[in-house]
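Novice: Let me give you the structure first, and then I'll get to my questions.
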Amino acid sequence: MFIADADTGLRAVIAVHNTTLGPALGGCRMYPYASDDDAIRDVLRLSHGMTYKAAMAGVHLGGGKSIIIGDPRSAKTEALLRSMGRAIRELGGRYIAGEDMGTDPADMRVLRRETVSVSCLDVQDGGYGDPSPMTALGVVQAIRAALVEQRGSPSTAGVTVAIQGVGNVGLNLCRLLTEAGAKLVVCDSYAPSAQRAADVYNALVVGPEEIYSSAADIFAPCAVGGTLNPGTIPRLKATIVAGAANNQLADEDCARRLYERGILYVPDFVANGGGLIACAAEWYKTGSQKIEADVRKLYETCLSVLQTAAAENTYPVVVANRIVEQRLHRYGQRRAVTL
Ligand code: NAD
């Protein structure tokens, strides 16, 4: 759905990729795309990823995403966000927004004035708050599963993890891994964030380009998408890749490149489902008590994907894609969402 509202200056796209398993939940991103084509490509890729993430996480949600074209620092106004909220409302519940790059819980509160189809609200607004700690907890499960598969033990004690991007998820990952005895190497394009990880978690800071070749057992992409590409994959020293970023691979062939280098890659949409599990609990009001236990189950999910891939002599993305496609197929034809 394309939106252009001359009154508020809103230019936006909402992509509903698939509603087989439930309404399409996905973040509302605000970013100054260089062209409409770039924006459309991004929203389609991201909404596709959300379908796969929801199906792997076992939640009753489909995949969607929305983008507002503009600079969040200068172009974001209440009128613009409310216009976006009305557009979301027009979809009649098929799409549920959440925070994403360029938006925050305060923006979700503004959208909520126009539509109920909003998740990831602050606790004070009736939500469960920031999902990032649960995303980080899910990434830890992915790392543990990969360690079992590759080394026979899930322990992260003494293991070195290189974290690319120490924002909301990355910093929570630093905390959990430090508690579990891991050593950290971090980078961030915003130097103060990397410094905070060094100060609080004793992480070794390297430059954004050095992170790929840093001496680490595990590489955890927690910044932007596409950082695993033909230029960076040959530089990796780590033998496991598991992180939070969406669309980590520049293209599907990169999964093969990782496999051929003997690097165990936990597909991003399997490893980073923890936050979505929290958002699903908020949306369906199933209570916050069970969230952590459900996120920890990602360990079994990841392990099963990795073991099946090993047994079939293929790479994990192939197996994870198949699981999602079978799950969608089992639910039959696309169905309308009941409101
Ligand atoms: P964030 O914006 O809080 O943190 C990202 C960090 O990466 C920032 O500190 C930024 O300065 C840094 N960064 C950006 N480009 C970089 C680069 N090229 N090299 C090094 N650092 C760079 O975002 P977040 O909420 O922590 O999410 C991180 C990633 O995980 C994103 O791709 C997001 O889409 C994905 N993700 C997040 C959640 C969640 O719960 N927040 C859930 C699923 C997926």
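The values are calculated or read from the model by the stated rules, or taken from the named source; none is laboratory data. All values derive from a computational prediction rather than experimental measurement. Methodologically, a virtual Cβ is constructed for each residue, glycine included, from the backbone with ideal geometry; neighbour enumeration extends over all protein chains shown. The protein model used for the area step is the full one, side chains on, heavy atoms only, and it has no ligands, DNA or RNA in it. Shrake-Rupley method; radii C 1.70, N 1.55, O 1.52, S 1.80 Å.
Novice: At 0.692 mPa s and 37 °C, plugging the Kirkwood radius over alpha-carbon pairs of the stretch 200-339 into Stokes-Einstein gives what diffusion coefficient in µm²/s? The partial results should precede the final answer.
Specialist: Numbers: Rh = 16.9 Å.
Estimated via Stokes-Einstein, D reaches 195 µm²/s.
Novice: If I fit a long axis through the Cα atoms of helix 36-57 and take the longest principal axis of the Cα atoms of the chain, what angle between them do I get, 0 to 90°, rounded to 10?
Specialist: 70 degrees
Novice: Specify the angular offset, from 0 to 90 degrees and rounded to the nearest 10, of the alpha carbon long axis of helix 78-90 from the longest principal axis of the alpha carbons in the chain.
Specialist: The angle comes out at about 90 degrees.
Novice: Compute, for the chain, the length of the dipole vector about the Cα centre, with Cβ point charges of +1 (Lys, Arg) and -1 (Asp, Glu) only. Units Debye, rounded to 20.
Specialist: Using only the charged Cβ atoms, the result is roughly 740 debye.
Novice: Bins of 20 Å, beginning at zero and ending with the bin holding the largest distance: percent of Cα pairs per bin for the chain, please.
Specialist: Reading upward from the zero bin: 32, 59, 9, 0.
Novice: Which one, VAL43, ALA54, GLY27, is farthest towards the positive end of the dipole of the stretch 1-155 when Lys and Arg carry +1 and Asp and Glu -1 on their Cβ?
Specialist: The one lying farthest along the dipole's positive direction is ALA54.
Novice: Another one. Relative to the longest principal axis of the C-alpha atoms of the chain, give the angle of the C-alpha long axis of helix 298-311, reported between 0 and 90° and rounded to the nearest 10°.
Specialist: For 298-311 against the chain, the angle is about 60 degrees.
Novice: Using 7 Å Cα-to-Cβ label points, what is the ASP251/HIS329 separation (nm, one decimal)?
Specialist: 2.7 nm
Novice: If you take all C-alpha pairs in the stretch 151-201, what percent of them are over 14 Å apart?
Specialist: For the stretch 151-201, the share of Cα pairs beyond 14 Å comes to 46 percent.
Novice: Distance from the Cα centre of the stretch 169-221 to that of the stretch 1-25, in angstrom?
Specialist: 35 Å
Novice: Also, I was wondering about something else. Less than 11 Å Cβ to Cβ from ASP217, Lys/Arg counted +1 and Asp/Glu -1: what total charge do the surrounding residues give?
Specialist: +3
Novice: With every protein chain left in place, what is the accessible area per residue of the chain in square angstrom, probe 1.4 Å?
Specialist: 43 Å²
Novice: Considering only lysines 8 or more places apart in sequence, or on different chains, count the pairs in the chain whose C-alpha atoms sit under 21 Å apart. Don't skip to the answer; put the middle values down first.
Specialist: Details: LYS53/LYS65; LYS53/LYS285; LYS53/LYS290; LYS53/LYS297; LYS65/LYS76; LYS183/LYS237; LYS285/LYS297.
Number of lysine pairs found: 7.
Novice: Oh, and also: Quick one: grab Rg to one decimal and Dmax as a whole number for the stretch 10-118, Cα atoms only, in Å.
Specialist: Expressed in Å, the Cα Rg and Dmax of the stretch 10-118 come to 12.8, 38.
Novice: Using only the heavy atoms of the protein chains and a 1.4 Å probe, how would VAL200, VAL318, VAL266 rank by accessible area, largest first?
Specialist: Sorted descending by solvent-accessible area, the residues read VAL200, VAL318, VAL266.
Novice: Right, here's the next one. Please compute the Kirkwood hydrodynamic radius over the stretch 68-114, one decimal place, Å, based on all pairs of different Cα atoms.
Specialist: Final number for the Kirkwood radius of the stretch 68-114 is 10.9 Å.
Novice: Per the 1.4 Å probe, what fraction of the accessible area of the stretch 247-306, in percent, lies on carbon and sulfur atoms?
Specialist: 52 percent
Novice: Oh, and also: Counting only helical runs of four or more DSSP H residues, what would the 222 nm mean residue ellipticity of the chain come to if each run contributes -39,500 (n - 2.57) and the total is spread over all its residues?
Specialist: -13000 deg cm²/dmol
Novice: Using a cut-off of under 19 Å, list every residue of the stretch 126-146 whose amide N is near the label point 7 Å from the Cα of ALA215 along the Cα-to-beta-carbon line.
Specialist: Of the residues in the stretch 126-146, none has backbone N under 19 Å from the label point off ALA215.
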